[in-house]
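The values are calculated or read from the model by the stated rules, or taken from the named source; none is laboratory data. Since the model is a prediction, treat every value here as computed from it, not as a measurement. As a convention, Cβ positions derive from the backbone with ideal geometry for all residues, glycine included, and neighbour counts pool all protein chains shown. With ligands, DNA and RNA removed, areas are computed over all heavy atoms of the protein, side chains included. Shrake-Rupley method; radii C 1.70, N 1.55, O 1.52, S 1.80 Å.
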Amino acid sequence: MIVTGLMTGTSADALDVALVDFSVIRGEDGDELVMDLLDHGEVPFPSDLGRDLLRLLEPGSVPLSLVADVDSRLGVLSADAVQGILDANRVDCDLVVSHGQTVQHLLSDGVVRGTLQVGQPAWIAERTGCPVLSDVRARDVAAGGQGAPLASMLDSLLFADASEATAAVNLGGIANITVLSPGSPPVAYDTGPANALIDVMARRITGDPHGIDRDGALAGRGRVVEPLLEDLLAEPYYRQPAPKSTGKELFHAGHLDRALASRPGLDPHDVIATVTRLTALTVAAECHRHGVTRAVVSGGGTHNPALMTELRRALGDGVVLEPIDSTGLPGDAKEAALMALLGWLTWHGLPATVASCTGASRATPAGRLTPGRRPLILPEPRPRLPRRLRVTARPEPSTSVEGDL
């Protein structure tokens with residue numbers, strides 16, 4: 001079954017696309033699901049769309065017309081991205097899974113009351129003719145879960161045979177971990193900011209509304225301000241018990257400015273160095289909490305040498321840090337491939353969430369389906385989840401998805 005996965009994360013800078021061919025190999029100890037990553041790529045947001053998405057992510061009122069407009073524009077971009085990767089590989093797909101952009105994740109006393117993603121799936125179904133699974137978080141929320149981290153399903157299957165306490169760490173706008181320990185149910189949650197506050201400072205320093213700390217150069221010019229770091233570490237979220245989730249509704253520019261208000265005149269490079277260490281310390285603290293001895297890392301933060309240096313230092317010699325590429329899954333493709341996996345599971349009548357990770361009352365399928373051009377006919381449900389996941393992938397993207405649009 002060929003599935004296209006689409007993901008836009010909390011960094012709100014680009015659309016990730018993955019084209020995946022799934023097959024099942026039966027084994028004595030359970031089925032093995034093989035994820036053959038045919039292609040993957042990234043489609044940067046047009047500057048006006050990226051700007052408007054950031055407006056929706058920041059706290060404050062926005063006109064409903066902007067929400068509707070962004071919903072359609074992101075849907076059109078997603079449709080073009082899917083058609084582009086299908087044309088480049090000269091294949092059709094059986095299903096598209098589109099996460100969309102989370103613009104609201106409503107939390108009250110640790111309980112998620114609602115979650116909203118934009119990126120209208122009808123545009124994808126109409127352009128490609130493929131059925132589309134979207135709104136992949138809401139069902140878990142309705143079952144009492146956080147709707148996050150969805151990566152826990154992929155991590156649980158990918159590291160099903162881990163012989164030591166292993167943390168799958170994703171460094172997007174927000175950082176999350178999934179902890180797999182032999183003999184224990186998996187645990188997963190958001191640890192706090194990864195790139196969210198780093199990006200705030202990078203944009204202030206460079207004047208680029210879409211700027212990032214490329215190669216960690218900005219943090220490399222600064223020194224950590226320990227009193228500011230202590231103020232930031234006082235955020236109550238870090239001490240909340242799991243399951244828990246967060247986003248830019250908490251870790252945004254205003255959050256940082258409140259800490260800076262009592263420390264005026266700091267060098268911006270010192271501030272970005274400080275929030276870089278904040279990310280490393282908060283991730284490492286959660287790894288140490290669970291006795292992790294192996295941390296497998298993915299996400300945009302892995303491209304920031306300053307952040308990775310801080311994370312290695314914070315984890316210490318007792319934890320082996322390695323890229324997720326060592327499993328066969330390219331780090332830049334993980335989240336889009338995750339969407340494809342959730343789609344395959346839901347299509348086959350299987351749970352796509354891990355209740356012990358999201359805090360839901362039960363594991364549920366994900367999302368809702370928009371039919372394509374043909375009648376929507378689902379296969380006979382599979383009786384059980386695969387035992388493990390194995391990834392095969394080309395070493396590099398075979399096409400520039402951006403170039404095909």
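Numerical summary
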quantity	calculated
Residue-wise HN-Hα coupling along the stretch 366-382, computed from phi with Karplus coefficients 6.51, -1.76, 1.60 (Hz; x: Gly, Pro)	10, x, 9, 9, 9, x, x, 6, 9, x, 7, 10, 8, x, 4, x, 7
Distant-in-sequence amide H partners of GLY9 (H built 1.01 Å from N, under 5 Å)	ALA14
Rounded accessible area per residue of the chain, 1.4 Å, Å²	41
Counted charge near ASP52, where neighbours are those whose Cβ lies closer than 15 Å (Asp, Glu -1; Lys, Arg +1)	-1
Linear extension gain, LEU106 paired with LEU378, 0.36 nm per residue minus alpha-carbon span	94.7 nm
Whole-percent pair-distance distribution, where bins are 10 Å wide, for the alpha carbons of the stretch 52-166	12, 32, 33, 18, 4, 0
Apportionment of accessible area to carbon and sulfur, the chain, percent (1.4 Å)	51
Listed peptides 73-86, 187-200, 355-368 by packing density, highest first (mean Cβ within 10 Å)	187-200, 73-86, 355-368
Normalised contact order of the chain, rounded percent, pairs of Cα under 8 Å and 6 or more residues apart	26
Relative packing of 234-240, 62-68, which averages over residues the other C-beta atoms within 10 Å, highest first	234-240, 62-68
Principal axes of the chain: Cα extent on each, largest first, Å	62, 50, 41
Cα gyration tensor, the stretch 1-116 - rounded (a/c under 1.5), prolate or oblate	oblate
The stretch 244-334, relative contact order in percent, only Cα pairs under 8 angstrom and at least six apart counted	28
Segment VAL91-VAL76, length gained on full extension (0.36 nm per residue, minus Cα span)	3.4 nm
Distance histogram in 10 Å bins (all Cα pairs of the stretch 230-281, percent per bin)	20, 57, 20, 3
Theoretical gain in end-to-end length, ILE25 to VAL224 [0.36 nm per residue, Cα-Cα removed]	66.6 nm
Hull-based mean projected area of the stretch 270-361, where the convex hull spans the alpha carbons, in square nanometres	7.6
Kyte-Doolittle mean at least -1.0 and Cα axial length at least 24 Å: DSSP H helices in the chain	64-89, 268-289
Among TRP347, HIS303, GLY291 the positive-end extreme of the charge dipole of the stretch 284-405 (Cβ point charges)	TRP347
Distance-filtered residues of the stretch 9-50 - backbone nitrogen under 13 Å, label point 7 angstrom along ASP161 Cα→Cβ	27-34
Highest average packing first - 310-319, 175-184, 216-225, Cβ atoms within 10 Å	175-184, 216-225, 310-319
Sequence-distant residues sharing a close amide H with LEU38 (under 5 Å, placed H)	LEU19, VAL20, ASP21
The stretch 1-43: GluC sites (Glu not before Pro) in DSSP loop, at most 16 other beta carbons within 10 Å	GLU28
Residues with amide H under 5 Å from that of LEU321, placed H, sequence gap 5 or more	ALA295
Contact order normalised by residue count of the stretch 53-124, Cα under 8 Å, 6+ apart, percent	39
